[in-house]
Each structure stands twice: as C-alpha cells, then as structure tokens.
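Encoded as structure tokens, the structure appears first; notes follow it.
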Amino acid sequence: MTGTRVVEVKQRLDGRVERFDCELVERDRTRAVILFRIERPVFGLREAPLDSYGVFWRRRPYGCYHIVRPADGSPVVTRFDVVRDVELDAPGEVRYVDLLLDLRVERGAARWEDEAELAAAMRAGRIDASDHARVQRARRVLERGHVRITAEVRRLLRALGRLSG
C-alpha cells in the first residue's frame with residue numbers, strides 16, 4: 001500500500017473541486033494518511049521542499065496537515081481543516097467537503113483562518129444548521145485539543161516510519 005498514488009479530492013461549498021496528487025502512506029477503516037510533497041513555497045509557506053502529511057478520519061470533524069522538513073522531520077506548521085463527508089473507501093482517492101474554517105498552528109501559536117469566508121458562506125446559505133454545528137464542535141475540540149492531536153499525529157507518523165525520534 002505504501003507508495004501507492006492517491007488523489008486528495010477537496011470539494012468546496014461553492015462546488016469547486018481541487019485535486020492533489022499524493023502518496024498513500026496508510027489507510028484503514030477509520031483513517032487515511034497521505035503525503036503531498038511541496039516542491040515550492042505555497043500555501044503561505046516560505047520554504048521548500050516540505051512534506052505535508054494529511055491525516056483524515058472518517059468520524060472526526062477535522063483533518064490535519066502536519067508539514068515537516070523532509071531532511072529531519074522537524075515541524076514547520078500544522079493545519080487543521082474543518083471537514084465533513086470524509087470518504088476513505090473510493091479507489092485511488094480520499095474525498096471530503098471543506099467547511100472553510102482552518103486552525104493554523106505555527107511556532108506554538110494557534111490562529112483561526114477563513115472566519116470571514118465562513119461568515120459569508122453562512123449569510124449566503126451555503127452553511128446549513130448541521131454544518132454550522134459541525135464547525136462549532138470542531139472549533140471547541142481543536143481549541144482544547146490541538147496540542148494533543150498534533151502529538152497523536154506525530155506518534156502515528158513515527159509508528160509508520162515517517163518521522164524519527
């Protein structure tokens with residue numbers, strides 16, 4: 001399974017779909033771990049190359065991107081995206097719907113991103129009551145637990161032989 005190509009399919013609320021060619025690191029019934037190699041500075045990052053490990057859980061209201069330097073596995077940034085409808089069973093794909101709100105954790109500081117975009121989507125009716133409740137639940141979980149979840153992801157990546165130490 002390791003080394004198999006997989007496409008991360010991110011569906012936006014406005015109907016746009018983004019696709020990212022990745023490597024499947026591990027997949028089971030409850031989660032998938034994928035690797036996207038960042039070859040040039042993008043996504044507000046100032047350096048490259050970097051390895052972005054995406055972890056998606058079937059039942060959690062968020063996905064996690066843990067971005068590290070490939071040479072030594074040192075962390076650069078961890079970002080949590082609030083999501084729904086995570087699909088892990090599609091052959092060659094990991095799919096989800098992005099609910100806009102992200103938590104970016106860098107050098108120990110956490111900040112929410114895309115709150116204005118989320119508010120605009122709510123005003124436009126693209127976020128229904130169920131999605132709004134999911135966003136609020138994810139916000140509470142991540143505000144209290146992002147440090148613990150990041151440590152969980154790092155332990156997982158070490159167990160999969162992707163990080164040392």
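A short reminder: the numbers here are calculations on the coordinates, not readings from a lab. Owing to the predicted nature of the structure, the values given are computational and were not obtained by experimental measurement. Quick reminder, even Gly has a Cβ in these numbers, built from the backbone with ideal geometry, and neighbours come from all protein chains shown.
Starting at the first residue of the range 86-95, write each ³J(HN,Hα) from the Karplus equation 6.51 cos²θ - 1.76 cosθ + 1.60 with θ = phi - 60°, in whole Hz, x for Gly and Pro.
Ordered by residue, 3J(HN,Hα) equals 6, 10, 10, 8, 5, x, x, 9, 10, 10 Hz.
Measure nothing but the geometry: give the 0 to 90° angle between the long axis through the Cα atoms of 129-159 and the longest principal axis through the Cα atoms of the chain, rounded to 10°.
Computed tilt is about 10 degrees.
State to the nearest 20 debye the size of the charge dipole of the range 1-134 about its Cα centre, where the only charges are +1 on K and R beta carbons and -1 on D and E beta carbons.
160
How large is the helix-only mean residue ellipticity at 222 nm for the chain, computed as the sum of -39500 (n - 2.57) over DSSP H runs with n ≥ 4, divided by its residue count, in deg cm²/dmol to the nearest 500?
Dividing the helical sum by the residues of the chain leaves -8500 deg cm²/dmol.
Say we join alpha carbon atoms closer than 10 Å with springs in a Gaussian network model of the chain; which of Asp21, Asp89, Asp72 then has the biggest fluctuation?
Asp72
Using the alpha carbon gyration tensor of the range 4-159, what are the three equivalent-ellipsoid semi-axes (square root of 5 times each eigenvalue), largest first, in whole Å? Write out the running numbers ahead of the final one.
On the way: eigenvalues 110, 67, 48 Å².
Semi-axes, largest first: 23, 18, 16 Å.
Using +1 at the C-beta of Lys and Arg and -1 at the C-beta of Asp and Glu, which of Thr78, Gly63, Ala48 has the Cα lying farthest in the positive direction of the dipole of the range 1-88?
Gly63
How far is the Cα center of the range 16-68 from the Cα center of the range 107-147, in Å?
The range 16-68 and the range 107-147 have Cα centres separated by 19 Å.
Going by the alpha-carbon gyration tensor, a ≥ b ≥ c the square roots of its eigenvalues, is the range 35-103 rounded (a/c under 1.5) or, if a/c is not under 1.5, prolate (a/b greater than b/c) versus oblate?
Verdict is prolate for the range 35-103.
Among Val105, Val153, Val17, whose mean-square fluctuation peaks in a Gaussian network model of the chain (Cα, cutoff 10 Å)?
Of the options given, Val17 has the highest mean-square fluctuation.
Have a look at Gly73, Gly108, Gly54 and tell me which one the Gaussian network model of the chain (Cα, springs below 10 Å) gives the largest fluctuation.
In this elastic network of the chain, the residue with the biggest mean-square fluctuation among Gly73, Gly108, Gly54 is Gly108.
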